[in-house]
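Data first, discussion second: the structure below is written as structure tokens.
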Amino acid sequence: MPLTVSMYVSDDKQNWGLLSHYATQTLWKDGQYKETYEWDGSKDGIKSIGPDAKIAYARYVKVMFSMHTKAMSFVDEIEIWGNDGQVTGAVTVPTQQPAFLAPGEATAGIKHLGLLYNGYYSNDLGTWKKERIIPNISYVDKAGEPTDWLFDGVLYLGTFSDQGRGFGAGSGNPSLKEDWEWYLNKTFAPEGDMYQLNEATKEVGVKLNQPNQKEKVVLMIPYPDEGVTNFGDVDGDNKSENFKALTDRAKAVQWYLDEVKQRWEAAKYSHLELVGMYWLEEQIGVDQNGPGLVRLASDKVHTMTVSGNSNMKFFWIPHFLAYKSFMWKDVGFDAVAFQPNYFFEPMDYGRLEDAANIAKRYGMTNEFEFDDRMLTDGVFRERYIDYLNSGVETGLMTGGLNAYYQGNNAVYNSAVSTDPSNRVLYDWLYQYVKGTYQVNNAAPPEIDVLMNGEPFQSGMVLPDTKSVQFTWKLREDDGLTKVNALFDGKAYTAGTVLPLSGKLGKHELLITVTSGKSVKTSYVVEASTNAMGIRAYVDRFEQEQQITDTTAAHSLNNYLEMMARYEGKDAAQVTKYLKGFNAKLDQFMKDGMMKTEAYRTLKEIVYYITGNLAQDKAVEASSTEGGNPNYVPGKGR
């Protein structure tokens, strides 16, 4: 079922007035069933006017719903009931042009909000030091010196505690009071993450001759998961809070906010301003109290006064398929950035346009998503560039609040990279923040690939006694084009020597070249062998005592010598002697004249050669699955 169905009316098919949004009531249900999404003015009223407006006067109706990326939506029918002419009480529905949420009062003035994950990571990347923060809040040159401001807001958030419990919903191991305390202690430690941010801002301000500049800060609120029945005591009544009760969940949120206020004011950060709190859960809770919980949290945030600031804002970043995200205003959020989730899995570029349209329709903005993979993988590099391009095309770059998900360290790593093709990603991000980035859809230059110093043609066959070494060169190298390579699915560095011994069969070198767009080229090399190649293995295994009987080795080599006589001349004779060789392997293994390693290696070689002998030969099958003609065998491959 579609998560949300929206209904609109219009007089000109250009300007649309919202009747209402509706969410599915049967979330994640299996089997066959129907669901009706219905707007009935007599019961529902008109959202933009109020419950007293019962009848919409319009000429056109529009029904919209977003599609799941991996599922189909089946529409049975759309029914429109009305009257001819304008009946008594019918009103024209106010129209509103879809638009991104712009920076301003609702965003506490933040234009560019950088996400810094400061939860627990085994590699300690959740611990933020001044040096890592500076390239996030300021644009640094290649020497690491700040030359301008970058993100004017920082969101500190974490996903897991040091005990492995999750701060969000759906972790399977939800957090407890001790985890929330761990996060607060870490964040507000005397030289902890918040202190480091303050010091970074102070240093950048001095270097930019703006010593009074303050960084705006937003801090997460962990999700009080309804599955927790023994959270811990937050109100001193010696009773552990049970999150099956909405009141206990609300108590925990209030306790957390009180702790944030106390710790912030005690620290007296000279160059930071706490402007809001962030709801970590990425959708409205699917439990019965989901919307109610967020409303309670919103009320508590909006009544906070921290260091004299009584205008705290409530931030949220729902995912693309978030449940009831359209009702963000109704539950009290001030600023919402909708996740396209385009960066993380293969999908069409149109996903970014869809996400922008949804965000505009709901009055949200979009999140900009990337991580360190853009530095090493051409596919993710292109997706990063797609976000940049889309931000220009949809108007997000200059017209909306921008929130930046960077994994954990992508901004810093691109800023300090000595590889110009990676450093430029940081430069483009700075241009985007300043609103000067221009769409880059440039096709990458052509590339010449060499194998062992010679031009490489896909499909080459080499004896498995060889080693291969691949290098490449761009025909036009601007220093900013990125080349990535995979050999058999694993990252490959140019010039690395790869022995083919024991690796019979086809191997793929996949080259990805990325400028604005990327081009993938697949090259195949096949490691092959013949009778004399197999004999080299037999002789080696005899020397290593893997073949423990001299007579057995001699017998195997006799078959190989006969096989060699007919190679390239008589395939039937080759097959005959190869089968004889294979039968002897089984016999010698059974008789204890051969060890397992030798047996398995030689059997794999037999299977490989047998497969090659079958290639392009006619194939027969005793049956065909489902009688499907597409499954009828053709030729061996």
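The values are calculated or read from the model by the stated rules, or taken from the named source; none is laboratory data. Quick caveat, the model's predicted, so the values are computed rather than measured. FYI the Cβ positions are ideal-geometry reconstructions off the backbone, even for glycines, and counts take in every protein chain you see.
Details
- Under the condition of being at pLDDT below 95 and among the aromatic types (Phe, Trp, Tyr), the residues counted in segment 307-334 number 3.
- For segment 444-473, filtering for residues that are under 17 Å from Val525 (Cα atoms), assigned to a strand (DSSP E or B) and free of Cβ contacts under 8 Å to residues at least 60 places away in the same chain leaves 10.
- All positions within segment 205-237 that are more than 19 Å from Val306 (Cβ to Cβ), touching a helix residue (DSSP H, G or I) at 6+ places or on another chain (Cβ under 6 Å) and surrounded by 21 or more Cβ atoms within 10 Å (Cβ to Cβ): Pro224, Phe231
- Qualifying strands (runs of 3 or more DSSP E) (wholly inside segment 474-534; at least 2 residues being touching an Asp or Glu at 6+ places or on another chain (Cβ under 7 Å), farther than 30 Å from His554 by Cα and touching a residue at least 60 places away in the same chain (Cβ under 8 Å)): 518-528
- If the condition is being surrounded by 11 or more Cβ atoms within 10 Å (Cβ to Cβ), out of contact with any Asp or Glu (no Cβ under 6 Å at 6 or more places or on another chain) and over 24 Å from Gly89 (Cβ atoms), then segment 1-23 contributes Pro2, Leu3, Thr4, Val5, Ala23.
Okay, residues lined up against (1) surrounded by fewer than 11 Cβ atoms within 10 Å (Cβ to Cβ); (2) in the same structural domain as Lys216 (by TED's automatic domain parsing); (3) within 28 Å of the chain's Cα centre (by Cα); (4) not in a loop (DSSP other than H, G, I, E, B):
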| site | (1), (2), (3), (4) |
| --- | --- |
| Ala53 | no, no, no, no |
| Ala58 | no, no, no, no |
| Val63 | no, no, no, yes |
| His68 | no, no, yes, no |
| Ala71 | yes, no, yes, no |
| Glu77 | yes, no, no, no |
| Trp81 | yes, no, no, no |
| Gln86 | no, no, no, no |
| Leu113 | no, yes, yes, yes |
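- Which listed residue is out of contact with any strand residue (DSSP E or B) (no Cβ under 8 Å at 6 or more places or on another chain), assigned to a helix (DSSP H, G or I) and free of Cβ contacts under 8 Å to residues at least 24 places away in the same chain, from Asp386, Asp427: Asp427
- Selection status of Asn230, part of a loop (DSSP other than H, G, I, E, B), closer than 19 Å to Asp334 by Cβ and of a type outside the set (D, E, K, R): no
- Any hit, segment 257-273, residues being in the same structural domain as Phe333 (by TED's automatic domain parsing), assigned to a loop (DSSP other than H, G, I, E, B) and modelled with pLDDT under 95: no
- Lys34 vs. criteria of a type in the set (D, E, K, R), in a strand (DSSP E or B) and either in contact (Cβ under 8 Å) with a residue 40 or more places away in the chain or in the same structural domain as Glu345 (by TED's automatic domain parsing) (or both): no
- Taking every residue in segment 281-307 that is of a type in the set (Ser, Thr, Tyr) and pairing it with any residue that is part of a strand (DSSP E or B), at least 6 positions away or on another chain, the pairs with Cβ-Cβ distances below 9 Å are Ser298/Trp279; Ser298/Phe314; Ser307/Glu273; Ser307/Leu274.
- The residue that is nearest to the chain's Cα centre (by Cα), counting only those in segment 25-47 that are loosely packed, with under 10 Cβ neighbours inside 10 Å and basic (Lys, Arg), is Lys34.
- In the set Val538, Val497, only one residue is surrounded by fewer than 15 Cβ atoms within 10 Å (Cβ to Cβ) and among the hydrophobic types (A, V, I, L, M, F, W, C); that residue is Val497.
- Whether a residue is among the hydrophobic types (A, V, I, L, M, F, W, C) and either in a loop (DSSP other than H, G, I, E, B) or under 26 Å from the mean Cα position of the chain (by Cα) (or both) was assessed, and Ala200 does not pass this test.
- Residues that are farther than 13 Å from Ile547 by Cβ and surrounded by 14 or more Cβ atoms within 10 Å (Cβ to Cβ) within segment 582-595 comprise just one, Asn582.
- Extreme residue, nearest to Thr107 (Cα to Cα), among residues of segment 124-166 that are part of a loop (DSSP other than H, G, I, E, B) and of a type in the set (A, V, I, L, M, F, W, C): Phe151
Residues are listed down the side, and each one gets a yes or a no for (1) surrounded by 15 or more Cβ atoms within 10 Å (Cβ to Cβ); (2) of a type in the set (S, T, N, Q); (3) farther than 17 Å from Leu510 by Cβ:
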{"position": "Gln457", "(1), (2), (3)": "no, yes, no"}
{"position": "Val468", "(1), (2), (3)": "yes, no, no"}
{"position": "Leu474", "(1), (2), (3)": "yes, no, no"}
{"position": "Gly479", "(1), (2), (3)": "no, no, yes"}
{"position": "Lys482", "(1), (2), (3)": "yes, no, no"}
{"position": "Lys490", "(1), (2), (3)": "no, no, no"}
{"position": "Thr493", "(1), (2), (3)": "no, yes, no"}
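- Which numbered condition Asn408 misses (of (1) modelled with pLDDT of 95 or more; (2) under 16 Å from Glu369 (Cα atoms); (3) of a type outside the set (Lys, Arg); (4) buried (at least 21 other Cβ atoms within 10 Å of the Cβ)): (1)
- Odd one out for Gly119 among (1) assigned to a loop (DSSP other than H, G, I, E, B); (2) surrounded by fewer than 21 Cβ atoms within 10 Å (Cβ to Cβ): (2)
- Test for Pro340: is it assigned to a loop (DSSP other than H, G, I, E, B) and over 28 Å from Lys214 (Cβ atoms): yes
- Filter pass, Thr596 being β-branched (Val, Ile, Thr), more than 29 Å from Gln469 (Cβ to Cβ) and either modelled with pLDDT under 90 or touching a Lys or Arg at 6+ places or on another chain (Cβ under 9 Å) (or both): no
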